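**Q** Provided herewith is a single structure, encoded as structure tokens, for subsequent inquiry.
The values are calculated or read from the model by the stated rules, or taken from the named source; none is laboratory data. These numbers come from a predicted model, not from an experiment. Neighbour counts run over all protein chains shown; Cβ positions are idealised from the backbone, glycine included.
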Amino acid sequence: MATKRKSKGAYMISSVAEMYGIHPQTLRLYEREGLLKPSRTEGNTRLYTEEDLERLEFILNLARDLGVNIAGIAIVLQMRERMEEMNRQMQSFVDYVRTEMLTRAQSGSFSSEPGLVPLRRPIIVPVSQRDAKKRP
């Protein structure tokens, strides 16, 4: 969805409503439902950041283009946040493994065993009857 944003900063509710062609009450509803969380000034005026506007665009895409209701939008946003957290955790794990591998490679502390973690018991891979017939 194209926007009419020109600069970085915070936007008041009337500006955001006009930019996206929605009623300010819609923005208030999205906030009440927990879909948006704009910051507030000391005078309690809502201020929408670039991040808030990106989230709003995603919400409007779900609502306008895909016909998702508010409850569905909340579920999609929760799933999206969980996926982002899982991606962060996975990246952290990958970074840890990479660092561990580099450290061990540089220090020469790799054992003769393959892998990073020694196995407690041997892994037995069953040979299927079909594979057994192929052996001489």
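**Q** Identify all residues within region 51-74 that are more than 16 Å from residue 37 (Cα to Cα) and either surrounded by 13 or more Cβ atoms within 10 Å (Cβ to Cβ) or within 18 Å of the chain's Cα centre (by Cα) (or both); write none if there are none.
**A** Listed by number, the residues that qualify are 61, 62, 63, 64, 68, 72.
**Q** Here are some conditions: (1) in a loop (DSSP other than H, G, I, E, B); (2) modelled with pLDDT of 85 or more; (3) not hydroxyl-bearing (Ser, Thr, Tyr). Residue 110 meets all but one. Which one does it not meet?
**A** The failed condition is (2).
**Q** Do we have any residue at all in region 59-82 that's at positive phi and modelled with pLDDT under 95?
**A** no
**Q** Continuing with this model, one more query. Confirm whether residue 2 is out of contact with any Cys (no Cβ under 9 Å at 6 or more places or on another chain), modelled with pLDDT of 95 or more and not polar (S, T, N, Q).
**A** No: the conditions fail for residue 2.
**Q** Are any residues in region 9-55 assigned to a helix (DSSP H, G or I) and among the small types (Gly, Ala, Ser), and if so, which ones?
**A** 14, 15, 17 - these are the residues of region 9-55 that are assigned to a helix (DSSP H, G or I) and among the small types (Gly, Ala, Ser).
**Q** Touching a Phe, Trp or Tyr at 6+ places or on another chain (Cβ under 8 Å), at pLDDT 75 or above and assigned to a helix (DSSP H, G or I), is that true of residue 88?
**A** no
**Q** Taking only region 31-50 into account, find how many residues are surrounded by 18 or more Cβ atoms within 10 Å (Cβ to Cβ) and free of Cβ contacts under 8 Å to residues at least 40 places away in the same chain.
**A** Total satisfying the criteria: 4.
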